[in-house]
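What follows is one structure encoded as C-alpha cells, with my remarks underneath.
What follows is calculated from the coordinates using simple rules that are stated; it is not laboratory data. Because the structure is a prediction, the values reported are computed rather than measured. Reconstructed Cβ throughout: ideal geometry from the backbone, glycine too, with neighbour counts over all protein chains shown.
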Amino acid sequence: MKPLILNRRDVFRLGGAAALGTAVGGSLIACSSAGPQLQYMFWGSTAEQEAVEGMLTSFEDTLDGELTIEPLYTPDDYDTKLNALVASNRMPDVAYISNGMAYRLAEQGKLLDLAPYFEDHPGIGGRLPEAYNYWSETQTFGTPAALEIMCLFTNKAAFAEAGVDLPPVTGADAWSWDDFVDAAYRLTVDQSGRRPDEDGFDPTQVARFGTLANMWSAAWYGLLLSNGVDVVDASGTTTQLNSPEAVAVLQNLVDLMHEHRVAPSPTQLGNNAPSTPAQLASNRLGMAIDGQWALLDISKSEFDYGIGVLPSYGTPMTASMGGAIGISAETEHLEEALALYVHQSDPTVVGLFGEGLWMPVEEKYYTDEELIATWTDNDVHPPEYRTAVVDYTMSSSKRYFAETMKNYEAIDKIISPALERVQTGEEEVQAVMDEIAAELNDGVLQGFYPNPLV
C-alpha cells in the first residue's frame with residue numbers, strides 16, 4: 001500500500017461521510033438491510049481500488065454469508081473524511097490511516113491495542129519487529145498490511161534508444177549520483193532530438209525527461225541516509241537537515257531541474273501531471289524514483305519496464321515504509337476484524353502481493369526461497385526484482401522517519417513547505433534548511449515512539 005503522508009502530492013504519504021448515503025471519494029456509503037457489515041476504508045489509485053476490493057471479496061467468501069464487507073474507497077481528502085467519521089462515532093471497523101493520525105487516535109483510545117492478540121493470532125504477532133507501531137512500551141495498533149520501499153523504475157526502450165545501460169540491480173553495484181545524472185542527460189531529449197548538454201537544446205520543448213526530481217521526503221530519505229546523515233539525530237530532537245550532507249542531497253535534486261534540465265520543474269509538470277507510471281509508459285520519462293507500489297499500475301501499462309536500486313552516495317540505502325492499518329476499538333465484529341487483519345497480509349491467499357501493489361510484512365517471505373516465489377514468480381515482477389527489491393530490502397533499508405516520530409503532523413507542516421520553496425530553484429537550499437532547523441529544534445521535534453521489539 002502506498003503510505004498516506006500529509007504532504008503527499010497525489011498521496012506516502014478526512015469531511016466526509018457522517019451519515020448514511022454520504023459520498024466518500026465518489027462512492028456511496030449506504031448500509032443495506034442485508035445484515036451485519038464490516039467497513040474497510042482505504043485510499044489508492046483505481047488499480048489499487050480494484051485489487052483491494054478483490055481482497056475483501058476473497059475474505060468475505062470465508063465468512064459463509066454471516067457478515068458482508070463494505071469497502072469505503074476514498075482517494076481524495078482521506079484524513080479529513082476519516083476525521084469526520086471518527087468525530088461522528090462512525091469510524092470504520094478497519095481502515096488505512098496515515099501514521100501521524102494513527103498514533104493520535106491510538107492515544108485517544110480509538111484504535112484497538114493488538115498486543116493482547118499476538119499469541120492467539122500468530123499472523124499478527126509474527127511480523128518483522130521494526131514494522132510495528134507502538135504508542136507505548138506495551139501497546140501497539142499493529143503494522144502496515146504490507147511493506148514498501150523506494151526504488152528506481154525504468155522504461156527499458158528509452159534506455160535502449162539512448163544507448164544507456166540499465167541501472168544496477170544490487171546495492172553493491174549501485175550507481176553513484178554522478179552516474180545517475182549522466183544517465184539522465186543521455187535519456188533527456190527535446191523535440192529535435194538534442195540533449196541538454198548539446199547546443200540548441202530547447203528546454204521548453206522536451207520530448208522526454210531523463211528522470212523526476214521527486215521532492216517527497218520518502219523519495220530522498222534513502223539518499224540522505226546514503227550520504228551519512230538522517231533527518232534527525234539519534235534522540236529525535238535535533239534535525240540534521242541543515243547539515244552539509246543533507247543540503248548536498250537536496251541541492252542535487254534541485255539541480256536536476258534547474259541546472260541539468262533533465263527533470264521537469266514544478267511549472268513544467270503543472271498541477272495535473274500524469275502519474276509517474278503513466279509518464280514512464282508514454283515515454284515522457286526514462287526513469288524515476290518511486291515507491292514499489294507503483295509496480296501495480298506500471299505492470300498494467302503496455303511498455304517494457306525495469307527496476308533498479310537507488311543511486312548511492314557511498315552506502316546503498318533506501319526507505320522502507322507502509323501506511324498504518326488499524327482496527328477500531330469500538331468494532332462490533334472483533335474476531336472478524338482480527339481475521340481480516342491477518343488475511344490482508346497473507347501473500348499466499350491475497351493477490352495484492354503478486355499483482356505488484358504490496359510487499360510482505362513477514363521476514364520469512366524475504367528469506368525462504370519457496371515463499372519468495374509465492375509472490376514474485378510471475379509476469380508482474382521482472383527478473384531483477386529479486387535482487388533490486390527483495391534482497392535490497394533486507395540489506396539496505398531503514399524505516400521512513402515519518403512513521404516513527406512523535407508530533408509528525410506538526411513537523412511535516414514545516415518540512416513540506418520548505419521543500420516546495422527550494423524546488424523552485426529561487427532560494428538557497430542551505431538558507432531554507434537553516435531557517436526550518438531553527439523552527440524544528442525549538443520544541444517541535446519530540447523524539448520517537450518506542451518499539452520494544454527492536
Practice task
List, in order, the whole-Hz ³J(HN,Hα) value for each residue of segment 401-406 obtained from phi through the Karplus relation with A = 6.51, B = -1.76, C = 1.60 and θ = phi - 60°; use x for Gly and Pro.
Solution key: 4, 5, 8, 10, 8, 6
Handout entry: the chain: antiparallel DSSP beta bridges as a percent of all, rounded to 5
Key = 65 percent
Handout entry: Within-11-Å neighbourhood charge of PRO450 [Cβ basis; K, R +1; D, E -1]
Key = 0
Handout entry: Average projected area [Cα convex hull, segment 331-454], square nanometres
Key = 12.1 nm²
Exercise for the section: Kindly provide the helix-only [θ] at 222 nm of the chain, computed as the sum of -39,500 (n - 2.57) over DSSP H runs of four or more divided by all residues, to the nearest 500 deg cm²/dmol? Expected result: -9500 deg cm²/dmol
Practice task
Would you kindly work out the equivalent ellipsoid of the chain from its C-alpha gyration tensor and give its semi-axes, the square roots of five times the eigenvalues, largest first in whole Å?
Solution key: 36, 25, 21
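Output needed for segment 183-321: three equivalent-ellipsoid semi-axes, defined as square roots of 5 times the C-alpha gyration tensor eigenvalues, in descending order, whole Å.
28, 19, 13
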Exercise for the section: Using only Cα atoms, locate the centre of segment 340-358 and the centre of segment 72-114, then give the distance between them in Å, rounded to an integer. Expected result: 22 Å
Exercise for the section: Provide the FRET efficiency to the nearest 0.05 for the ASP442-GLU107 pair, computing r from the beta carbons and using R0 = 22 Å. Expected result: 0.45
Fill in the blank from the handout: Non-local residues with an amide H under 5 Å from the amide H of LEU111, with H modelled 1.01 Å from N and Pro and chain starts lacking one, are ALA106, ALA329
Exercise for the section: Report, in debye and to the nearest 20, how large the dipole of the chain comes out about its Cα centre when Lys and Arg carry +1 and Asp and Glu carry -1 on their Cβ. Expected result: 720 debye
Practice task
Take the Cα gyration tensor of segment 302-353, multiply each eigenvalue by 5, square-root it, and list the three semi-axes largest first, rounded to whole angstrom.
Solution key: 35, 18, 9
Practice task
Excluding residues fewer than 8 places away in the same chain, name every one of the lysines whose C-alpha is closer than 23 Å to that of LYS364.
Solution key: LYS2, LYS398
